[in-house]
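The values are calculated or read from the model by the stated rules, or taken from the named source; none is laboratory data. What you are looking at is a predicted structure, and each value in this text was computed from that prediction instead of being measured. Note that we place each Cβ from the backbone using ideal geometry, even for glycine, and neighbour counts take in every protein chain shown. Keep in mind that these areas ignore ligands, DNA and RNA; they rest on the heavy atoms of the full protein, side chains included. Shrake-Rupley method; radii C 1.70, N 1.55, O 1.52, S 1.80 Å.
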Amino acid sequence: MYAPERQTEIVTRARNAGRVDVATLAAELDVAAETIRRDLGLLERRGLLRRVHGGAVPVERLALEPSVDERDLANTEAKDAIARAALTLLGDASTIVLDGGTTTARLAALLPEGRELTVITHALPVAAAVATRPGITLHLVGGHVRGRTLVATGPWTTAALAELRADVVVLGANGVSVDRGLTTPDLAEAEAKRALAAAGRRVVVLADHTKIGRDELVTFAPLERVDMLVTDAVVAPDLVAELVAAGVEVVTA
C-alpha cells in the first residue's frame with residue numbers, strides 16, 4: 001500500500017469509528033508505529049484529523065473548546081495531584097507568574113498563607129484564589145477576557161507580560177508533544193502564553209495525561225523552553241520516555 005492510499009484508509013477508518021489509535025493502525029496496515037505517527041501529523045496539517053493521546057479523531061467529531069467549568073470537572077484527582085507536586089517544586093521563589101487553567105488554579109489555591117510571595121497572573125480564577133491570601137501580593141494583568149477560559153489576551157496583555165522576569169512561570173497547555181512542543185487551540189491565548197513562557201527564569205508546565213502526546217492548533221513554546229513538566233501517574237511511559245529523550249525533566253504525581 002502506497003502512502004497516499006494508507007492515509008486515505010486512516011481517514012476513512014477515523015470517520016467510521018470516531019477515532020483511530022497508532023498501535024492498531026500499525027498492526028493492521030503492517031507498518032511501523034512511527035510511520036503512522038508521521039501519517040497522522042500530515043493528515044492533521046491538512047485539516048483532516050486532530051491528533052489526541054495515542055491516536056487521532058476526525059475533525060468532524062471535535063467539539064468546541066470546553067469552558068472552565070467543564071474542564072474543572074475533568075480529571076480532578078490527577079489535577080489535584082499535579083498541583084500538590086508542583087507546589088513542592090516552587091522552592092524559594094519569591095515571584096511567580098501563573099498561567100490560566102484549572103490545574104494552575106488548583107496550585108494557586110494551595111499557595112501557603114503567610115509566605116511573602118508576589119503572584120502575577122492574567123487569569124481571573126487564579127487571581128480570585130489568591131487575592132485575599134495573607135502574605136501574597138497579587139498583580140493582575142489586564143486585557144480582553146475570553147469568556148470560555150477567563151484569561152486576559154491581546155496587546156495589553158502581551159505588552160505587560162513582556163516586561164516581566166519572574167523566578168518561576170507556571171504554564172498550562174492543551175497539548176504537549178515532542179513534534180510540536182506546547183500547543184493551544186486559540187490564537188490569542190497562544191500569544192499570551194508565548195509571552196508568559198519568555199517571562200520566567202524557570203518554566204514549569206502542568207499537564208495531565210490527556211494532554212501528553214496531543215497537538216492543538218497553535219504552538220506557543222518549544223520543549224527547549226520547558227525546565228520541568230509535571231503530569232500524573234497515568235501518563236503513558238513511552239510518551240514520558242520521548243519527552244525525557246527530548247531533554248525535558250518529567251515529574252509524575
I need the peptides 43-54, 4-15 ranked by packing, meaning the mean over residues of other C-beta atoms within 10 angstrom, with the highest value on top.
43-54, 4-15
Can you compute the charge dipole magnitude of the chain about its Cα centre, using +1 on each Lys and Arg Cβ and -1 on each Asp and Glu Cβ, nothing else charged? Give it in debye, rounded to the nearest 20.
400
Averaged per residue, the 1.4 Å probe accessible area of the range 7-51, protein heavy atoms only, in Å², is roughly 53
So the compactness index of the range 94-214, its C-alpha Rg divided by 2.2 N^0.38 Å, takes the value 0.99
Go through 86-96, 145-155 and give me the packing order, highest mean Cβ count within 10 Å leading.
145-155, 86-96
Please work out the average accessible area per residue across the range 122-228, using the 1.4 Å probe convention, and give it in Å².
40
In deg cm²/dmol, rounded to the nearest 500, the helical mean residue ellipticity at 222 nm of the chain, built from -39500 (n - 2.57) for every DSSP H run of length 4 or more, is -11500 deg cm²/dmol
Dipole of the chain, positive end: most advanced residue of Tyr2, Leu239, Val218 [Cβ charges, Cα centre]
Val218
Place the peptides 188-199, 219-230 in order of packing, highest mean first, counting for every residue the other Cβ atoms within 10 Å and averaging per peptide.
188-199, 219-230
Under a Cβ-Cβ cut-off of 14 Å, what is the net charge of the residues other than Ser94 that fall near it, where Lys and Arg count +1 and Asp and Glu count -1?
+1
Rounded to whole Hz, the Karplus (6.51, -1.76, 1.60) HN-Hα couplings of the range 28-40, x for glycine and proline:
6, 9, 6, 9, 6, 4, 5, 5, 5, 4, 5, 4, 5
For the chain, the accessible surface attributable to carbon and sulfur atoms (probe 1.4 angstrom, ligands and nucleic acids excluded) amounts in percent to 54
Could you give me the ³J(HN,Hα) list for the range 93-102, computed from phi with Karplus coefficients 6.51, -1.76, 1.60 and θ = phi - 60°, whole Hz, x at Gly and Pro?
4, 10, 10, 10, 9, 10, 6, x, x, 6
Taking the simple approach of a point 7 Å from Cα along Cα-to-Cβ for both Arg38 and Val244, what is their distance in nm?
2.7
Between His144 and Ala23, how many nm apart are label points set 7 Å from Cα along the C-beta direction?
4.4
In a Gaussian network model over the chain where Cα atoms closer than 10 Å are linked, find which of Thr158, Thr137, Thr210 has the largest mean-square fluctuation.
Thr137
Note down the Stokes-Einstein diffusion coefficient of the chain in µm²/s, whole number, using a Kirkwood radius over alpha carbon pairs, 10 °C, and 1.306 mPa s.
84
